[in-house]
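Step one of this worksheet: look at the structure below.
The values are calculated or read from the model by the stated rules, or taken from the named source; none is laboratory data. It should be emphasised that the depicted structure is a prediction, and the values quoted were computed from it without experimental measurement. As a convention, Cβ positions derive from the backbone with ideal geometry for all residues, glycine included, and neighbour counts pool all protein chains shown. All accessible areas refer to the heavy atoms of the entire protein, side chains included, with ligands and DNA or RNA removed. Shrake-Rupley method; radii C 1.70, N 1.55, O 1.52, S 1.80 Å.
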Amino acid sequence: MHISQRTLHTLEYDKIIEKLADCALTDGARELALRLLPTDDLEHVLARQRRTSDAKRLLNLKGTPSFGMVKDIGDACARADKGAVLSTRELLDVASVLRTSRMLLDYIHANRLFETVLDEVFERLQPERTLEEKIQRAILSEDMIADEASPALADIRRKMRLANNKIKETLQHFISGSNNNRYLQENIITMRNGRYVIPIKTEYKNEVKGLIHDTSSSGATMFIEPMAVVDANNELRTLESKEAHEIERILAELSAAVSACSGILSLNYRNITELAFVFACAELSNRMNAVCPTITEERQMNLRGARHPLIDKTKVVPIHVAIGEAYDTIVITGPNTGGKTVTLKTLGLFALMAQAGLHIPAEDPSTVCIFEAVLVDLGDEQSIEQSLSTFSSHMVNIVDIVGSLTDHSLVLFDELGVGTDPVEGAALAVAVIEAVREAGAICAATTHYAELKAYALQTPGVCNASCEFDVNTLRPTYKLIIGAPGKSNAFAISAKLGLPRAILDRAEQYVSSENRQFEDVIAQLEASRVEMERNREETAAMRAEYERFKVEAEKNIRRREKESEKELEKAREKAVALVESAKASSNYILAQMDAVRKQRDSERLGDALDEARRNLRAHLRENEDKFNPVEEKIDENYVLPRALVKGDEVMLINIGQKGTLLDAPDRDGNVRVQVGAVTTRTKLQNLKLIETAEESEAKFRKQSESNYRTSISRSFRDEIDLRGQTGEDAWFMVDKYLDEANVAGIKSVRLIHGKGTGALRQALQRFLRGDPRVGAFRLGRYGEGDSGVTIVELK
């Protein structure tokens, strides 16, 4: 892609890249961000945009993944491959890469709801838990090797502790003796040249048998190693030498293990850096409230609600601008400081951002095409050293632009033709625009020339646009109006600022009648446009209201049609069932009558009649539902929030009446309900529980807690920065933070308190010891922040 550093700087692309670098969580990702440039490869641009979009989805759903404090381990791996022994710092950096690889895999595998284009990068990570734990177990910090690094080292250090204790006991016995007090300059044990000594007054140096190691600057004190501890000191020095050799052997062994995995480690680092960079792009998108633009091969841009990302969010005015479809050139007019140059910069900057794979701060859908070159002439670049005036500096840029034109170029001119005679400048401006159009490029230019406004009105494919200005307040509204030229409003602004009316009247006389008529036409067009815009907004509001009403009405009609069909079908089924039930019952009754008729002469006629009545009643009870033509209303989607108990207030669904439960449901699900003065029996499915105020409040509280938990989980990060806080203020922040960690389900967090004097660390750890939410805590290891952080494990 043809893009110069001057263009990147002019369009302030470098400032966007600085914002991106601020979002990067690793040094490697920061370097990638600072080197990011746009590309004109369509597939590459689409791939970049998809990665940024998927990272943003993950970021909003799961929060930011932990990238630790990953450092570049390329040099360390190369040195290990050559047989060099790595330092503790380099080994801890290797462990940090391995730990981050493992945590990133855990991040993508947890609650996996959808696939992303980043899955391939995540899956390329290869944790080596054995090497990671081996390094962390052996190296506690950059200057401390653990006793557990090897059995030999543990044995050497045990002997060193014994030798130290033996020497100190012997010397303590010496300085505690009453006969030796007069020899001592001070009653202390100190060290010189790595050996334990005691300070002896110079005049008594011959009274104490031993080796002299040092003399005080005044000469009054001799530091003597008594003969009684010489052998023990020698033994200690021997053990220290063995310790150093064993540590060197341990580091060499770990370095060899790093060499064996150097390929995996280098790949892991590259993938971590790549992921950190993509998540930096996603974080920048969130900070700018940006969207993924639609990338098209068509030669057009359509930006909806575009907001320049370097203007304060509370002050920026969104603009709507489309170019390339109905017209390929826009001529933007209007007063100074009205937003014309910002519009040009927004067009150019959004093209660069989109082709770099970054989201743009606009509304969805916004469309951006692929440009082979972005060519700009913005600002006044006059130079005394190069003898360039304003006009000459602009013309040098224009010459370069004309020589670089292609049919896939975006060309931006600010104040085209300015700095020379207005007539000649306007003619040059029109000629340059025509040259750009003939090359097939897309062009946007700002101007104050009436000739360019007229050119845009008369030329197909060229469109006027203006930046709105409120003459009453002398303030620009920064709204971009497509299709209408703007006025410079020089006379109106001058009058508001207090220029005498006589001067203004004289100035108006010097304006040609053609220009005056043209400006009047523009004023009338502007008034008509404002009126039409107001009518359009009212019409749009009414149409939106109508559409909402139409959608709601159609929804109700469809719902009622479906309900009617269901009711009709149920009625048919009920009618059929009723007829069948009546037939069965009538047959049964006739059968009973025949049986009684046959026994009318029998002595047991009375018993037979009683038996027939009982059978008939039982048959009618069993078929009561079939005889009952009333359809019960059942809410199939309703589920009782809890088991019903005697005394509950309930709603009978079929009749829509409230009642009180008289007893618990029986094993068949039947209950008795008091409705007013009537007691009825019904099924559980026919009841809805009328919740009490306490139950409603508990239900609302439970839903609120669920919403709060979801909100916290999306934004929670596993570390909090407390540097600069007092102990009480820091604990206030940590107390809330630990609650949020429990809500988010996070079991391990980092408290960043810095090293400093250690007062903040001690205050926090004092609070942590008594906190019931805390299972354990420890200082960070190298790669986690050392003693500048505290790792807290929650219960």
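Within region 530-572, can you find the residues that are aliphatic (A, V, I, L, M), within 30 Å of Glu468 (Cα to Cα) and open to solvent by less than 100 Å² (accessible area, probe 1.4 Å)? Once the filter is applied, which keeps residues that are aliphatic (A, V, I, L, M), within 30 Å of Glu468 (Cα to Cα) and open to solvent by less than 100 Å² (accessible area, probe 1.4 Å), region 530-572 yields Val530, Ala540, Ala541, Ala544. Of all residues in region 81-115, those satisfying the criterion of being of a type in the set (D, E, K, R) and part of a loop (DSSP other than H, G, I, E, B) are Lys82, Arg112, Glu115.
Apart from one condition, Ala138 fits all of (1) out of contact with any helix residue (DSSP H, G or I) (no Cβ under 8 Å at 6 or more places or on another chain); (2) closer than 30 Å to Asn233 by Cα; the exception is (1).
Quick one: which strands (runs of 3 or more DSSP E) sit completely within region 253-342 and have at least 2 residues that are touching a helix residue (DSSP H, G or I) at 6+ places or on another chain (Cβ under 8 Å)? Can you show your working first?
Numbers: elements: 294-296, 301-306, 319-323, 329-333.
So the answer is 301-306, 319-323, 329-333.
Of all residues in region 116-139, those satisfying the criterion of being surrounded by 13 or more Cβ atoms within 10 Å (Cβ to Cβ), touching a residue at least 24 places away in the same chain (Cβ under 8 Å) and part of a helix (DSSP H, G or I) are Val121, Phe122, Leu131, Glu132, Lys134, Ile135, Gln136, Ala138.
All conditions in (1) modelled with pLDDT under 85; (2) within 30 Å of Lys71 (Cβ to Cβ) hold for Gly194, with the sole exception of (2).
With respect to Glu697, determine if the residue is within 30 Å of Ile791 (Cβ to Cβ), modelled with pLDDT under 85 and surrounded by fewer than 15 Cβ atoms within 10 Å (Cβ to Cβ). So Glu697 does not fit the description; no.
Going by the structure shown, is Arg287 open to solvent by 30 Å² or more (accessible area, probe 1.4 Å) and under 18 Å from the mean Cα position of the chain (by Cα)? It is true that Arg287 is open to solvent by 30 Å² or more (accessible area, probe 1.4 Å) and under 18 Å from the mean Cα position of the chain (by Cα).
Only residues that are within 16 Å of the chain's Cα centre (by Cα) and either more than 17 Å from Thr273 (Cβ to Cβ) or modelled with pLDDT of 90 or more (or both) were counted in region 51-98, giving 13.
Of all the listed residues (Gly417, Gly440), the sole one being open to solvent by less than 50 Å² (accessible area, probe 1.4 Å), modelled with pLDDT of 85 or more and at positive phi is Gly440.
Considering only region 28-38, I want to know if a residue exists there that is open to solvent by 40 Å² or more (accessible area, probe 1.4 Å), farther than 24 Å from Gly74 by Cα and free of Cβ contacts under 8 Å to residues at least 40 places away in the same chain. Among the residues of region 28-38, not one is open to solvent by 40 Å² or more (accessible area, probe 1.4 Å), farther than 24 Å from Gly74 by Cα and free of Cβ contacts under 8 Å to residues at least 40 places away in the same chain, which makes the answer no. Listed conditions (1) under 30 Å from Ser101 (Cβ atoms); (2) touching a strand residue (DSSP E or B) at 6+ places or on another chain (Cβ under 9 Å); (3) among the charged types (D, E, K, R) are all met by Lys209, apart from (1). The C-beta contact set for region 241-266 (first residue under 17 Å from Thr88 (Cβ atoms), second residue open to solvent by less than 40 Å² (accessible area, probe 1.4 Å) and among the polar types (S, T, N, Q), distance under 7 angstrom, 6+ apart or interchain) comprises Glu246/Ser150; Ile250/Ser150.
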